[in-house]
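J.: Sending over a structure as structure tokens; questions will come in a sec.
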Amino acid sequence: MRIPIERHSSTAVYLQICDRIRHLIETGALRSGDKLPSIRTLSASTRVNKLTVIEAYNVLAAEGLVEARQGSGYFVCPAKIDRVESKHQFAPPQDTIVLEQPPLPPRIEEFQGGSSFNLYMKSVQARQQPGTIDLSSGFSLASGLDDLPRVARRAVKQISGSLFNYDLPQGQFVLRQQIARLLVQQHGLNVTADNLIITNGSKQGILLAVHHYVKPGDWVLVESPTWYGMLSLLYNMGARVIGIPMTPEGINLELLEKNLYTYRPKLIFTVSTLHNPTGLTTSLDHRRQLLALAEKYDCVVLEDNAYEGLNFEPVPVPIKALDTSDRVIYAGTFSKTIMPGIRVGYLVVTGEDYQPLVERKLHYDIHVSTVSQAIVSEYLASGHYRHHLAHLQAVHLQSRNAMLNAMQRHYPPATYWTIPKGGTFLWVQMPAHLPLAEICQKALARGVFVAEGTPFFPGGQQSYPALRLNFTLLPEQIEQGIAILGEILQKYV
Ligand SMILES: Cc1ncc(COP(=O)(O)O)c(C=O)c1O
């Protein structure tokens with residue numbers, strides 16, 4: 001079997017192997033029961049590491065395309081995989097939401113409803129309640145991290161001396177080098193350690209960038225819906241926000257241009273890959289067009305790639321990789337791939353804005369915990385991270401498929417959902433008349449916590465009823481949670 005590998009491609013090598021084998025199966029060149037080359041043979045013929053071949057086979061196994069047989073190797077599955085008949089449709093109304101004034105802070109009694117603060121607090125509490133099925137939160141399954149305590153102990157031992165000193169505001173050089181290498185190799189960015197600022201999660205990086213580029217009263221364009229954490233940040237600093245509707249291809253580019261022309265905003269905020277909350281990923285062409293518009297109207301793009309690396313299908317290079325005029329600021333994080341509690345994220349800034357942003361970081365909180373940085377650095381150095389990502393991609397794919405299958409069986413007609421290529425969320429659009437707040441309360445009373453769509457629209461001006469569902473749970477929890485939710489929904493339809 002010949003598998004050509006493009007070493008300079010932005011697609012990771014193990015994904016190239018997956019794509020090729022998947023193609024051979026789909027075109028019938030490889031048939032049910034055929035034996036795949038052994039890990040050693042494929043590793044030798046493609047001249048890649050054995051771990052890379054294992055990663056590829058793991059992904060194909062999770063997709064149900066191949067199976068490992070004890071002592072005999074990998075075989076093409078006899079059964080056709082469940083390709084998840086889908087009701088994939090995403091056709092939201094294209095109404096732009098213009099917020100001249102930040103919304104007033106919600107009154108205490110409104111915290112009972114869908115405010116972003118409330119959603120966050122409830123989500124943290126739900127995770128602490130044994131038995132709750134939390135379909136609302138946004139991070140990966142806590143699996144495959146058995147080696148982390150050992151890695152952490154080693155890391156802390158190595159840096160114990162330097163804990164008695166303050167460190168660089170932009171973060172440790174070795175960690176910045178490691179992240180830069182990862183961004184170059186896996187995401188096609190043209191960056192070095194000197195373009196990186198290590199931040200307390202990507203949220204802090206986003207905060208630094210927003211405060212650098214936006215003053216109170218300035219206009220900012222966001223996708224609608226968008227990540228509610230960004231909305232509350234913008235309201236709190238007094239920005240005026242315009243929500244440009246999402247389409248299945250990403251932000252509506254025609255409306256984006258109209259609003260760029262009319263309002264001359266300071267910033268466009270986009271989650272271009274595995275978008276929170278819809279799970280959508282924009283195409284390369286869409287990214288090019290968005291960047292061209294930002295150039296034309298001289299606007300900065302803040303690209304939040306919080307779900308970077310969690311794709312189980314290929315995704316295009318980030319907008320930052322297409323940026324030749326230092327117009328795009330890129331935020332990444334290890335919250336979703338390692339753990340949120342470690343609070344290590346990063347900003348990629350090329351050009352003259354790097355230094356003022358480093359100074360701003362010093363002004364805010366000096367630097368990210370030396371211990372956290374050392375643990376992430378050691379985790380990257382030991383090769384565990386790469387392996388862990390492949391593991392997460394495989395289990396998340398299984399979980400996504402479990403959720404799609406469960407929704408197909410349990411949800412009423414006229415509910416439609418997105419099919420993400422990775423990440424942790426999908427987005428469900430509901431029939432217009434459904435009282436979603438009430439439905440979510442009922443689900444919570446039965447131990448299922450779900451995020452209503454409202455907080456993801458600027459100003460909470462929900463333009464259609466929707467739910468954001470986190471699929472990174474165990475398949476049995478997903479089945480149980482979706483069955484309960486479906487049962488409640490059916491009563492309203
Ligand atoms: C789109 C998006 N950006 C940024 C963040 C912040 O992540 P962190 O600060 O933990 O890196 C989140 C967290 O949920 C997110 O969903």
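The values are calculated or read from the model by the stated rules, or taken from the named source; none is laboratory data. Note that the coordinates shown come from a computational prediction; the quantities given were computed from them, not determined experimentally. Heads up, the Cβs are rebuilt from the backbone with ideal geometry, glycines too, and the neighbour counts pull from every protein chain shown.
J.: Quick one: which of Ser377, Ser399, Ser372 is on the phi < 0 side of the Ramachandran plot, out of contact with any strand residue (DSSP E or B) (no Cβ under 7 Å at 6 or more places or on another chain) and not assigned by TED's automatic domain parsing to the domain that holds Lys336?
T.: From the options Ser377, Ser399, Ser372, the qualifying one is Ser399.
J.: Let me ask you something else. In this structure, does Tyr385 turn out to be within 20 Å of the chain's Cα centre (by Cα), farther than 27 Å from Leu231 by Cβ and hydroxyl-bearing (Ser, Thr, Tyr)?
T.: So Tyr385 passes the test.
J.: Next question. Report, by residue number, each residue of the stretch 133-170 that is under 23 Å from the mean Cα position of the chain (by Cα) and at pLDDT 85 or above.
T.: Ile133, Asp134, Leu135, Ser136, Leu148
J.: Right, next: Tell me yes or no: at least one residue of the stretch 247-254 is within 20 Å of Thr418 (Cβ to Cβ), under 17 Å from the mean Cα position of the chain (by Cα) and hydroxyl-bearing (Ser, Thr, Tyr).
T.: Scanning the stretch 247-254 turns up no residue that is within 20 Å of Thr418 (Cβ to Cβ), under 17 Å from the mean Cα position of the chain (by Cα) and hydroxyl-bearing (Ser, Thr, Tyr).
J.: Can you name the residue in the stretch 119-153 that is of a type in the set (S, T, N, Q) and part of a loop (DSSP other than H, G, I, E, B) and, of all such residues, is nearest to Leu310 (Cα to Cα)?
T.: Ser140
J.: To continue, here is another question. With respect to Thr350, determine if the residue is over 27 Å from Gln16 (Cβ atoms) and surrounded by 21 or more Cβ atoms within 10 Å (Cβ to Cβ).
T.: yes
J.: Answer yes or no as to whether Val301 is assigned by TED's automatic domain parsing to the domain that holds Pro265, more than 25 Å from Gly144 (Cβ to Cβ) and modelled with pLDDT under 95.
T.: For Val301, the condition - assigned by TED's automatic domain parsing to the domain that holds Pro265, more than 25 Å from Gly144 (Cβ to Cβ) and modelled with pLDDT under 95 - is not met.
J.: Considering only residues that are outside any loop (DSSP other than H, G, I, E, B), surrounded by 21 or more Cβ atoms within 10 Å (Cβ to Cβ) and away from the ligand (no atom under 16 Å from the Cβ), which ones fall in the stretch 188-203?
T.: Residue satisfying the conditions is Asn195 alone.
J.: From the list Ile482, Ile488, pick out the single residue that is in contact with a His (Cβ under 9 Å, 6 or more places away or on another chain), in contact (Cβ under 8 Å) with a residue 24 or more places away in the chain and of a type in the set (Val, Ile, Thr). Steps first, please.
T.: Values: Ile488 fails: in contact with a His (Cβ under 9 Å, 6 or more places away or on another chain).
Matching residue, one of Ile482, Ile488: Ile482.
J.: Next up: I'd like to check something: does the stretch 159-175 contain any residue that is in contact with a helix residue (DSSP H, G or I) (Cβ under 9 Å, 6 or more places away or on another chain) and within 16 Å of the ligand (Cβ to nearest atom)?
T.: yes
J.: I need the full set of residues from the stretch 273-296 which are free of Cβ contacts under 8 Å to residues at least 40 places away in the same chain, in contact with a helix residue (DSSP H, G or I) (Cβ under 9 Å, 6 or more places away or on another chain) and assigned to a loop (DSSP other than H, G, I, E, B), in order please.
T.: Thr282
J.: Return yes or no: is Tyr235 aromatic (Phe, Trp, Tyr), within 15 Å of the ligand (Cβ to nearest atom), outside any strand (DSSP E or B) and under 24 Å from the mean Cα position of the chain (by Cα)?
T.: No, not satisfied.
J.: Moving to a separate point now. Just give me the residues in the stretch 262-272 being assigned to a loop (DSSP other than H, G, I, E, B) and within 15 Å of the ligand (Cβ to nearest atom), in sequence order.
T.: Val271, Ser272 - these are the residues of the stretch 262-272 that are assigned to a loop (DSSP other than H, G, I, E, B) and within 15 Å of the ligand (Cβ to nearest atom).
J.: For the structure I just gave you, tell me whether Leu357 is modelled with pLDDT of 95 or more, of a type outside the set (Ser, Thr, Tyr) and more than 16 Å from the ligand (Cβ to nearest atom). Don't jump to the end; show me each part of the working.
T.: Numbers: modelled with pLDDT of 95 or more: yes; of a type outside the set (Ser, Thr, Tyr): yes; more than 16 Å from the ligand (Cβ to nearest atom): yes.
The answer is yes for Leu357.
J.: Right, here's the next one. Need pairs with beta-carbon distance below 7 Å; first residue in the same structural domain as His363 (by TED's automatic domain parsing) and within the stretch 163-178, second surrounded by fewer than 18 Cβ atoms within 10 Å (Cβ to Cβ) and small (Gly, Ala, Ser); sequence gap 6+ or separate chains.
T.: Close Cβ pairs (under 7 Å, with a partner that is surrounded by fewer than 18 Cβ atoms within 10 Å (Cβ to Cβ) and small (Gly, Ala, Ser)) amount to Phe173/Ala193; Arg176/Ala193; Gln177/Ala193; Gln178/Ala381.
J.: Take the residues of the stretch 333-354 that are closer than 18 Å to Gln172 by Cβ and hydrophobic (A, V, I, L, M, F, W, C): which is farthest from the ligand (Cβ to nearest atom)?
T.: Val349
J.: Additional query: Is the stretch 245-257 home to any residue that is more than 14 Å from the ligand (Cβ to nearest atom), of a type in the set (Gly, Ala, Ser), surrounded by 17 or more Cβ atoms within 10 Å (Cβ to Cβ) and touching a residue at least 60 places away in the same chain (Cβ under 8 Å)?
T.: no
J.: To continue, here is another question. Would a scan of the stretch 218-228 turn up a residue that is touching a helix residue (DSSP H, G or I) at 6+ places or on another chain (Cβ under 8 Å), in a helix (DSSP H, G or I) and modelled with pLDDT under 95?
T.: For the stretch 218-228, residues touching a helix residue (DSSP H, G or I) at 6+ places or on another chain (Cβ under 8 Å), in a helix (DSSP H, G or I) and modelled with pLDDT under 95: present.
J.: Among the residues of the stretch 303-319, are any crowded, with 18+ Cβ neighbours inside 10 Å, over 30 Å from Tyr416 (Cβ atoms), under 12 Å from the mean Cα position of the chain (by Cα) and within 15 Å of the ligand (Cβ to nearest atom)?
T.: No, the stretch 303-319 contains no residue that is crowded, with 18+ Cβ neighbours inside 10 Å, over 30 Å from Tyr416 (Cβ atoms), under 12 Å from the mean Cα position of the chain (by Cα) and within 15 Å of the ligand (Cβ to nearest atom).
J.: Any residue that is over 25 Å from the mean Cα position of the chain (by Cα) and either charged (D, E, K, R) or surrounded by 21 or more Cβ atoms within 10 Å (Cβ to Cβ) (or both) - is there at least one of those in the stretch 217-232? Step through it out loud before you land on a result.
T.: First, pick out the residues of the stretch 217-232 that are over 25 Å from the mean Cα position of the chain (by Cα): 217-219.
Still in the list and also either charged (D, E, K, R) or surrounded by 21 or more Cβ atoms within 10 Å (Cβ to Cβ) (or both): 218-219.
Within the stretch 217-232, one or more residues are over 25 Å from the mean Cα position of the chain (by Cα) and either charged (D, E, K, R) or surrounded by 21 or more Cβ atoms within 10 Å (Cβ to Cβ) (or both).
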